[in-house]
Each structure stands twice: as structure tokens, then as C-alpha cells.
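Here is the structure we will look at, set down as C-alpha cells.
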């Protein structure tokens, strides 16, 4: 293929990618988006590969593609509760690819064409490897935390001077990078380069260890953005516009999702990355002991049967307990009685953006009954029963009223405005963030203690048993 | 539902920073090139920056319209798309470069291909689940 043909193919691939994202605007057309994306990818790969005068080691390429496909296929079959981990892992792979290509290009040019190492290219290479490698280890850490690996600390790890150390490491890496930009062919340059790589790798780890599980949706989005930007930097290094456009699309997607997540928690980027959530609250949780009102599953089932509007508020606890299919049974039972059932989806419920929607869709709950927070809140005063399953912070009224609460100002689902609230909770301990939830002590709230899957299953059984008596 | 102001401000700020850094780099290059040997690489930097800026704005415009229902599949889709880094990896693995360079390229190629395959497949798998009515016709169709 000639240079022009390759470039025109890249143009086509870019258009296909833009259409791909455009079709994601509606679940009805979304799958078209996948096909368009696959087509764009195929065009891009073939156009690049089909340059026989330049690309000669076809065996290497073929083998690497084959191995990648062999590992990628099982990764696409993971249970949907594990999707956040898989996503983090794929950000790690993306970062790694960018870092490695940057490294290879630098050493190639250093030995075989130092005139290529212009200041601009060096800026791009440094950006590529710093972003690439920090995304690699950072995403691996995030994936480890999400997978709850034993050797990865789940709770945020903090220590004195943490931010100073982290920032110092990053500045050191950037400073060394600046030195290489000024003098890319210095004698010590090939030795400095691995130091920058090592600093970026360490920085990635240190960036993620102070971040707790509740902040994972934001962190995954930010890492998504970084992975995209590292692809952009690769495009600048290789003078390749397809890489720049595709990377920019990924980068802006990560940016927008991060902004949505931050807004849904009323926090800023810096606060998520450097705020070390989870430390302060541990102390705040030590308050006077208030008493819960517990209810039996039978009682709850009776109240549910008498309602006309039921709003189910799912949270991460539902995912952990794998309760989505049992929830579907309850949904069916209530629906068969002519009761309106809606799901109130908080943007940060779960461990990544949109996580709850996917889990509920898996249980074949029609997506038309999955309602966003802003929309459902206006209906909450008319709601007869709010059924809170494994959600905690996203329904905590303290976010509205208590200025001293660490989550003050975060938009919440107004479950407390429903006529009756049933909250399913595993234990009497405070939730992930360690914050007491006023909702559980409310006049109209009754607790159903137990594993979400077991309790919801019992509820479904009660409802199906009771249906004969009507 | 979603105000433009904030992401725009962020995008404009980062673009401004990037253009500034790029102009500085270009300026220093021009100064260094003085003698005229800079002609060896006809890199069209401004046009690359144009491409970056425009695709970022298109990205923001398109992504803002994506249904919130689909944010998880969106992330796996954009992830697969950004695995177009595979093109860069091919350009490092394929040519007649020293083996250690090509090895780094091959590992990058492997990593990108993993993302392409798993990203597109899992996106498709998730999207298949989004239905309008129970058991009824699929809301998601080709």
C-alpha cells in the first residue's frame, strides 16, 4: 500500500470509530456501534500490515496477534460482577503497550537515527512512557483491589507525607524527562530512561493504594482517560493520526465519565486522588448507639403486596451477593400484581460507571425500568416502598443535611422520602466508608438483616406463596 | 442534564497547555535546526495538534450523548478502540529492526490484541442483555 492509501484507510477507520461511539447514544443502536468499531479496527490493522516493503517480520506479528486473541477471549467471558476488574486490567494492557512502544522507539532512534530525537518527539516520548507505565501499574493495583486479592490492601493505605512523596516522585520523573528532552543523546541518557520508567511504575502503585473501593468508579474513569492519552502521545511519537484520533476519543470518554462520577460524589479530581477517603470517617463512626427496627421477611412481603409504586435502590452489596437474579424474581412477582416497580440507579452505585445497569440487564430486567437518580427523586414522595438492597452511602440523608458528614453535598437518592423503607443489610456495621446512615434509624425504616441474595430470595418465595391467596 | 461548561473548561485548559508546550518545543527546534539539517523529518506538528484538538471536541460531543445506561459498555468499547495502539506496535514489530526492539513491539502487540478481542466481545455480550421487555423482542438489534 502506498503512503496515501494507508492514510486514507486511517481516515476511514477514524470515521468508523466516531460512528461507533455515536451509535452508543441509544441501547437500540448500540450493537451497531460494536460492529462499526470492529470494522474500523480491521481496516486500521490491515492497512498498517499490508506494507510488504516495510513490514517484513510477519511471523512475529501473527504470533503476537494469536497469543493476544487467546488471552483476550477468556477475558471477555468473565462474570459481569467482575467487569470492573477486567476493565482495569485492559487499561493496564493499554498503558503497557504505549509504554513499550515508546521505549522501543527511543532506543531504536538512539542507536540508529539520533536526528529523529527532536525536542517535540522527546516530549511526546516522555509523556507516552510516564502515562503508559503509571497507567499500567496503577490499573493493575486497581484491578487487584477490585478482585480483592489477598496481597493487595483493600482499605486505603495512608501515611504521613504521602502526597509529598507521590508528587515528588512524579516531579523527579518529569524533571529527568526534561533533561532528556534537552539532551536526548547524552551518554547517560540510555541509563536515565529506565529510571524514568521505574519512577513511573512506582508512582502508579503509590497513586492507587490510598484510594478506597467507594472511589473506584472515578479512579477507573481517570485511568481510562490516561490510557487514551498515552495512545495520543504514541500517535505524536509515530506521526500517526489514527492513533491520535482514537486515543483522543478514549481520553475524552474517560474525562467525561470522571466528571460525571466526581459530580455524583460532590468531589473534585484532586480530592479523589489525594484526599485519602476513609481515614476521617473511621473516627466519625464512633457515635452513640441508636436502635434499628428489624422486620421479618413475611412482614415486608405483606407491605410490598399492598403498594402501588415500589422503588428498588441497588448498590454494590447486590453485586457482591450476586442477588440480581433473585431481585428479578421479586420484580416479576410484584409486576404480576400490577404494581409499578422501578430501579433507582445512582451514578456511582457499584464499582464502575453504569455497573448496576449491566447487572440488572443481565437478569433480564427491561432497561426501561432502570431510572436515573435525578428522574426518580421527584417520584420518591409518591413511592409506597423503597427497597434498599446493598446500597448505603448513596441513600444516606446526611449528605443532604449534616454539614459535618464527609459525604455532605453528595447528591443522593431520596429513599427516606418514601412512605416505607426496607433496607437489606448484611450486618449492623456501618458501610464501606464507615459512615453511620441516618436512614436506617428513620421512623419509617425497617431493616432486613442478612445476605442480600438470601433475603431477596426469601422475599420472592413469600410473594409467590402468597399470590395464591388473592 | 449535563452542563458543557466544566468539561469544556478542562479541555480548553489542557489543550492550551499542550499547544504552549508544543510551541516551545517547536521554537527550540527551529533555533537548534538553524544550520538547516532539520529537514530530515518533515513532521507536520501543527496538523497533528489540529487533529488532536478536533477529535477531542468530537469525542466530548459524542460521548456526552451516550445513554447513562450504557456507561459500562461504553468504557469497554472505547477501551477496545484505543487498542488501535496495535498499529503502533505493528510498526515497531514488523520492520527490520534489531530483535530486542521488535521484542518490545511484540509484547505491546500482544497487550493491544488482548484488549481488542476482549473489549469488543464483552461489549457485545453486555449490549445483548439490554432488552425493553421481558422475554419479548430485543430492544437491542443490529
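At a glance:
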read-out	value
Residue A:92 vs. criteria crowded, with 23+ Cβ neighbours inside 10 Å and either touching a strand residue (DSSP E or B) at 6+ places or on another chain (Cβ under 6 Å) or within 29 Å of residue A:318 (Cα to Cα) (or both)	yes
Cross-chain or 6+ apart pairs with Cβ under 6 Å, the range B:41-68 first and closer than 30 Å to residue A:343 by Cα, then at pLDDT below 90 and part of a loop (DSSP other than H, G, I, E, B)	B:64/B:2
Among (1) in the same structural domain as residue A:205 (by TED's automatic domain parsing); (2) in contact (Cβ under 8 Å) with a residue 12 or more places away in the chain, the one test that residue A:111 misses	(2)
Restricting the range A:232-250 to residues that are more than 7 Å from chain B (Cβ to nearest Cβ) and within 23 Å of residue A:37 (Cα to Cα), the residue that is surrounded by the fewest Cβ atoms within 10 Å (Cβ to Cβ)	A:233
Hey, residue B:95 more than 20 Å from residue A:356 (Cα to Cα), surrounded by fewer than 20 Cβ atoms within 10 Å (Cβ to Cβ) and facing another protein chain (nearest Cβ under 7 Å) or not	yes
Which listed residue, of B:119, B:105, is more than 10 Å from residue A:90 (Cβ to Cβ) and touching a helix residue (DSSP H, G or I) at 6+ places or on another chain (Cβ under 7 Å)	B:105
Sole exception among (1) touching a helix residue (DSSP H, G or I) at 6+ places or on another chain (Cβ under 8 Å); (2) not in a helix (DSSP H, G or I) for residue A:14, by number	(2)
Flag for residue A:361 being assigned to a strand (DSSP E or B) and assigned by TED's automatic domain parsing to the domain that holds residue A:307	no
Candidates A:62, A:54, filtered to the one that is at the interface with chain B (Cβ under 8 Å from one of its Cβ atoms), modelled with pLDDT under 95, surrounded by fewer than 20 Cβ atoms within 10 Å (Cβ to Cβ) and more than 31 Å from the chain's Cα centre (by Cα)	A:54
Lone qualifier among A:30, A:50, A:13, A:64 - being over 17 Å from residue B:87 (Cβ atoms) and outside the structural domain of residue A:245 (by TED's automatic domain parsing)	A:30
Out of A:40, A:72, sole residue that is at the interface with chain B (Cβ under 7 Å from one of its Cβ atoms) and crowded, with 24+ Cβ neighbours inside 10 Å	A:72
Condition check for residue A:184: out of contact with any strand residue (DSSP E or B) (no Cβ under 6 Å at 6 or more places or on another chain), within 12 Å of chain B (Cβ to nearest Cβ) and within 13 Å of residue A:145 (Cβ to Cβ)	no
Residue count for the range A:157-177, restricted to those that are part of a helix (DSSP H, G or I) and either exposed (fewer than 12 other Cβ atoms within 10 Å of the Cβ) or free of Cβ contacts under 8 Å to residues at least 24 places away in the same chain (or both)	6
Search result, residues across the range A:103-118 that are buried (at least 20 other Cβ atoms within 10 Å of the Cβ) and either facing chain B (nearest Cβ under 8 Å) or touching a strand residue (DSSP E or B) at 6+ places or on another chain (Cβ under 8 Å) (or both)	A:103, A:104, A:105, A:108, A:118
Candidates A:201, A:223, filtered to the one that is more than 30 Å from residue A:409 (Cα to Cα), crowded, with 17+ Cβ neighbours inside 10 Å and at pLDDT 85 or above	A:201
From the options A:100, A:149, A:134, residue that is part of a helix (DSSP H, G or I), away from chain B (no Cβ under 12 Å) and either at pLDDT below 90 or buried (at least 23 other Cβ atoms within 10 Å of the Cβ) (or both)	A:134
Among (1) within 7 Å of chain B (Cβ to nearest Cβ); (2) part of a helix (DSSP H, G or I); (3) surrounded by 19 or more Cβ atoms within 10 Å (Cβ to Cβ), the one test that residue A:353 misses	(2)
Among residues of the range A:75-97, those that are at the interface with another protein chain (Cβ under 8 Å from one of its Cβ atoms) and either under 15 Å from residue B:113 (Cα atoms) or assigned to a helix (DSSP H, G or I) (or both), counted	12
Residues that are within 7 Å of chain A (Cβ to nearest Cβ) and more than 16 Å from residue A:56 (Cβ to Cβ), drawn from the range B:98-116	B:104, B:107, B:108, B:110, B:111, B:112, B:113, B:114, B:115, B:116
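The values are calculated or read from the model by the stated rules, or taken from the named source; none is laboratory data. Remember, predicted model here, so these are calculated numbers, not experimental data. Neighbour counts run over all protein chains shown; Cβ positions are idealised from the backbone, glycine included.
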